[in-house]
Amino acid sequence: MAVRIDGVRGLTRRRFLALGAMGAAAVALPFPRVARALAYDLPQAARDALSSSPLVYVSPLKRDGSESTCHGEVWFVQDGADVLVVTAQDRWKARSLRGGLERARVWVGDFGVWTRADGKYKSAPTFLAKVSFENDAAARERVLGTFGKKYPAEWGKWGPRFRDGLADGSRVLLRYAPIEP
């Protein structure tokens, strides 16, 4: 028997409860990119710089919030507001994450090798990020394709290294998702 609920014809109590349960389940589903996009919007200067820069500079943040002494310039690609980089699994970017340092500062710009940049990259647009390992195979393939388009002159040499390294575990893909300062 169809009971009218609030004047809606054909909406039974069972359908009403089922729709409510589906709505609650949909809210509880993990939508990390949507949640991140809603949680923090990058400053305009950082967005602009990400669209044109070939490099970002990264420094893990210690537990007390201070920057690590490890800094480095690195190739990157974007996935929404997130920055993705490939690094050897035994390098400091991956080791720091495995050691529990899940936050980093990211500067956007091209100042050359950081040791010769005399700290100039620290004047570049910046943001804080939560760092995680990106293990999704589809994301890896998409990112490798994007790297190839962004760095075509170097991709003949580095493409196979990135692809093979990600396949055999000697390299990892890191995701830097912007967070509020």
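The values are calculated or read from the model by the stated rules, or taken from the named source; none is laboratory data. Worth saying up front: this structure is predicted, and the values here are computed from it rather than measured. Here the Cβ positions follow ideal geometry from the backbone for every residue, glycine too, while neighbour counts run over all protein chains shown. Each accessible area value is taken on the protein alone, full model and side chains, heavy atoms only, with ligands, DNA and RNA left out. Shrake-Rupley method; radii C 1.70, N 1.55, O 1.52, S 1.80 Å.
Report yes if Gly156 is open to solvent by less than 60 Å² (accessible area, probe 1.4 Å), in a helix (DSSP H, G or I) and modelled with pLDDT of 95 or more, otherwise no. It would help to see each step written out before you state the result.
On the way: open to solvent by less than 60 Å² (accessible area, probe 1.4 Å): no; in a helix (DSSP H, G or I): yes; modelled with pLDDT of 95 or more: yes.
Spelling it out, it is not the case that Gly156 is open to solvent by less than 60 Å² (accessible area, probe 1.4 Å), in a helix (DSSP H, G or I) and modelled with pLDDT of 95 or more.
All but one of (1) more than 23 Å from Gly159 (Cβ to Cβ); (2) touching a strand residue (DSSP E or B) at 6+ places or on another chain (Cβ under 7 Å); (3) among the hydroxyl-bearing types (Ser, Thr, Tyr) hold for Ser66, so report the exception by its number.
Just one mismatch for Ser66, condition (2).
Scan the stretch 142-181 residue by residue and report those that are out of contact with any Leu (no Cβ under 9 Å at 6 or more places or on another chain), under 17 Å from Val83 (Cα atoms) and among the basic types (Lys, Arg).
Of everything in the stretch 142-181, those that are out of contact with any Leu (no Cβ under 9 Å at 6 or more places or on another chain), under 17 Å from Val83 (Cα atoms) and among the basic types (Lys, Arg) turn out to be Arg142, Lys149, Lys150, Arg171.
If you take the residues of the stretch 112-134 that are of a type in the set (Gly, Ala, Ser) and at pLDDT 75 or above, which of them is nearest to Gly100 (Cα to Cα)? Even if it seems obvious, please write down each step before you answer.
Quick first cut of the stretch 112-134, residues of a type in the set (Gly, Ala, Ser) only: 112, 117, 119, 123-124, 129, 132.
Still in the running and at pLDDT 75 or above: 119, 123-124, 129, 132.
Details: Gly119: 26, Ser123: 27, Ala124: 27, Ala129: 14, Ser132: 10 Å.
So the residue we want is Ser132.
Could you tell me which residue of the stretch 159-181 is least open to solvent (accessible area, probe 1.4 Å), considering only residues that are among the charged types (D, E, K, R) and in contact with a strand residue (DSSP E or B) (Cβ under 7 Å, 6 or more places away or on another chain)?
Filtering the stretch 159-181 down to residues among the charged types (D, E, K, R) leaves 161, 163-164, 168, 171, 175, 180.
Checking which are in contact with a strand residue (DSSP E or B) (Cβ under 7 Å, 6 or more places away or on another chain) leaves us with 171, 175.
Details: Arg171: 53, Arg175: 5 Å².
Looking at the filtered set, the residue picked out is Arg175.
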